[in-house]
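Asker: First the structure, which I've put down as structure tokens, then a few questions once you've had a look.
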Amino acid sequence: MKRVAIIGGGMAGLAAASELSRKTPGIDWQLYERSDRLGGKIVTEQIDGFTIEGGPDSFITQKPWGLALCRELGLESECIPCNSAAQKVYILVKGRLCPMPDGFRLTVPTRIAPFLRSPLFSWPAKLRMGLEPFIPARADDEDESISAFITRRLGKEAADKIGGPLMAGIYVADPERLSLMSTFPMFRAMERKHGSLIRAMRASAKQNKKTETPMFMSLRKGMGQLVQTLTDRLGDRCQTGQVVEQITRASDGWSLTVNGATRTVDDVILATPLFETGRLLGGLVPTARDTLNAMRYVSTATVSLGFRLPLAEVSQPMNGFGFVIPRSEQRRILACTWSSVKFAERAPADHALLRAFVGGEGREELVDLDDDALVQLVRDELRETWGLTADPIVHRVFRWPRGNPQYDVGHAARMRQLIDEVQAVPGLHVAGSGYNGIGLPDCIRSGREAATRVGE
Ligand SMILES: Cc1cc2nc3c(=O)[nH]c(=O)nc-3n(C[C@H](O)[C@H](O)[C@H](O)COP(=O)(O)OP(=O)(O)OC[C@H]3O[C@@H](n4cnc5c(N)ncnc54)[C@H](O)[C@@H]3O)c2cc1C
């Protein structure tokens, strides 16, 4: 019987385990997780009726692997849609929250009237964005940064005010460094196919009218419900508090040192962050070591605050998903999600739950503040940007040191080469958010693909 070790019990490792147990009963697998719980970045806490997410709060449905896993686990009836009646996102501009005009899809205006009426952009910027259909399409496959791409197609103001905060915000990355081809490759494909993003978005908006699937989904009890269900299914083959310290070659496979003890296996799936994968694979795949070690990660924190309603004093009623803050505003939070509007049942009746994001590129030192200081910082920022003065009745801080992989320009090509080098060694496999997608659906897909290769 083939012996397999999975290292790391985050989404990717759990997806690999689920796939091994589902499809290949002839495999003797074991999952080792360093910390005292499974889930990695996924952590949900229930506090006084609030459902508080420390990491991901949802998954995108456009990529099918998240919903597919939920269905397999019998969780479909537990999946809840984001609140499609309140999808508005606000942007802080010169200290004021401005709504993103209706018809804006990521950074691209698809409806003319709301765009022209919006105070978000200057008239020269509106004119420049209106010229987008006439800008020649780029024909090659070279990567470029998100900022360079949006500036080229829609102008600098669009890149600074919307492209940066929205698109790079998802990756907590610097838009000047963030790779287009590793994050939003569909934009280049649209440019090539339709010659213009505006034309492409309008065409897809017409098609999408027919589909009812919400853009994001979550689970009734939070994303932790997915981890709990997997944990119940997979049983004690998933072990917590188990640190894989070293991997060496053995005469009959690979030898792992786990909490000082030796385990010998035929295949290893490393579902760990790239810096940890680099440490473990070190001398085993020397060609991959530099790329693994060079991968940048930044640290972030989330601060959730629960309030009694109404929040009479705020400058903008909570009628959307929240707001994002461009770097040019020089604030100490990156964004604030109105969590109890985005998803139902996140707060008790007559209460609200918010979540602010702190840290990221250039502001990582804020993550090291203690809980009281972080809560105070977020409260100060919410007062100055949004007018919120109410006292929270609940607060919870989660820190993610080196938690966010940075997909710099050229990332996809580097990862292709890296994965080829690792997989050229029989019995070694890698998975997780560092490679080809940070979102949960991509992590699930990468874990499953690693498990499928093991089974081949
Ligand atoms: C604040 C935040 C919000 C996010 N929001 C969203 C969202 O809304 N939607 C979305 O789709 N994605 C979101 N993401 C991204 C997504 O959550 C992550 O990309 C994903 O959870 C990472 O999964 P993973 O399995 O690759 O890694 P991880 O979750 O980091 O798991 C790796 C595991 O490996 C373990 N490990 C490391 N070294 C060892 C070792 N030597 N031995 C044993 N175990 C080891 C670690 O303890 C960890 O549990 C968010 C991320 C963050 C930080």
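The values are calculated or read from the model by the stated rules, or taken from the named source; none is laboratory data. Remember, it's a predicted structure, so these values are computed and weren't measured experimentally. So basically every Cβ, Gly included, is an ideal-geometry build from the backbone, and we count neighbours across all protein chains shown.
Asker: Is it the case that R383 is away from the ligand (no atom under 16 Å from the Cβ), in the same structural domain as M11 (by TED's automatic domain parsing), free of Cβ contacts under 8 Å to residues at least 24 places away in the same chain and surrounded by fewer than 20 Cβ atoms within 10 Å (Cβ to Cβ)?
Answerer: Details: away from the ligand (no atom under 16 Å from the Cβ): yes; in the same structural domain as M11 (by TED's automatic domain parsing): no; free of Cβ contacts under 8 Å to residues at least 24 places away in the same chain: yes; surrounded by fewer than 20 Cβ atoms within 10 Å (Cβ to Cβ): yes.
Taking the combined requirement at face value, the residue does not satisfy it.
Asker: I would also like to ask the following. Given the condition away from the ligand (no atom under 14 Å from the Cβ), touching a Pro at 6+ places or on another chain (Cβ under 7 Å) and touching a residue at least 40 places away in the same chain (Cβ under 8 Å), answer yes or no: does some residue in the range 25-37 qualify?
Answerer: Our first condition is that a residue be away from the ligand (no atom under 14 Å from the Cβ); within the range 25-37, this holds for 25-29.
Restricting the remaining residues to those that are touching a Pro at 6+ places or on another chain (Cβ under 7 Å) gives none.
No, because not a single residue in the range 25-37 is away from the ligand (no atom under 14 Å from the Cβ), touching a Pro at 6+ places or on another chain (Cβ under 7 Å) and touching a residue at least 40 places away in the same chain (Cβ under 8 Å).
Asker: Of all residues being farther than 28 Å from H411 by Cβ and either out of contact with any Leu (no Cβ under 7 Å at 6 or more places or on another chain) or among the charged types (D, E, K, R) (or both) in the range 263-284, which is surrounded by the fewest Cβ atoms within 10 Å (Cβ to Cβ)? Just the residue, please. Steps first, please.
Answerer: Step one: of the range 263-284, the residues farther than 28 Å from H411 by Cβ are 263-266.
Right, trim to either out of contact with any Leu (no Cβ under 7 Å at 6 or more places or on another chain) or among the charged types (D, E, K, R) (or both) and you get 263-264, 266.
On the way: R263: 16, T264: 13, D266: 18.
The qualifying residue surrounded by the fewest Cβ atoms within 10 Å (Cβ to Cβ) is T264.
Asker: Please enumerate the residues belonging to the range 318-345 that are in contact (Cβ under 8 Å) with a residue 60 or more places away in the chain, in a loop (DSSP other than H, G, I, E, B) and not polar (S, T, N, Q).
Answerer: Matches in the range 318-345: I325, P326, R331, L334, F343, A344, E345.
Asker: Which of the residues belonging to the range 400-432 are in a strand (DSSP E or B) and either free of Cβ contacts under 8 Å to residues at least 12 places away in the same chain or surrounded by fewer than 18 Cβ atoms within 10 Å (Cβ to Cβ) (or both)? Break it down stepwise before answering.
Answerer: In the first step, residues of the range 400-432 are kept if they are in a strand (DSSP E or B); the result is 400-405, 408, 428-430.
P401, R402 - these are the residues of the range 400-432 that are in a strand (DSSP E or B) and either free of Cβ contacts under 8 Å to residues at least 12 places away in the same chain or surrounded by fewer than 18 Cβ atoms within 10 Å (Cβ to Cβ) (or both).
Asker: Checking F121 against (1) surrounded by fewer than 17 Cβ atoms within 10 Å (Cβ to Cβ); (2) modelled with pLDDT under 90; (3) among the aromatic types (F, W, Y), which single condition isn't satisfied?
Answerer: (1)
Asker: Would you check which residues across the range 21-73 are in a strand (DSSP E or B), over 22 Å from the mean Cα position of the chain (by Cα) and among the polar types (S, T, N, Q) and list them?
Answerer: Answer for the range 21-73, where residues must be in a strand (DSSP E or B), over 22 Å from the mean Cα position of the chain (by Cα) and among the polar types (S, T, N, Q): just Q30.
Asker: Can you name every one of the strands (runs of 3 or more DSSP E) wholly within the range 249-303 that holds 3 or more residues which are farther than 21 Å from N436 by Cβ?
Answerer: Once the strands (runs of 3 or more DSSP E) in the range 249-303 are filtered for at least 3 residues that are farther than 21 Å from N436 by Cβ, what remains is 253-258, 261-265.
Asker: Sort out which residues of the range 435-452 are closer than 15 Å to Q423 by Cβ, more than 8 Å from the ligand (Cβ to nearest atom) and surrounded by 24 or more Cβ atoms within 10 Å (Cβ to Cβ), and write them in order of number.
Answerer: Y435, A450, A451
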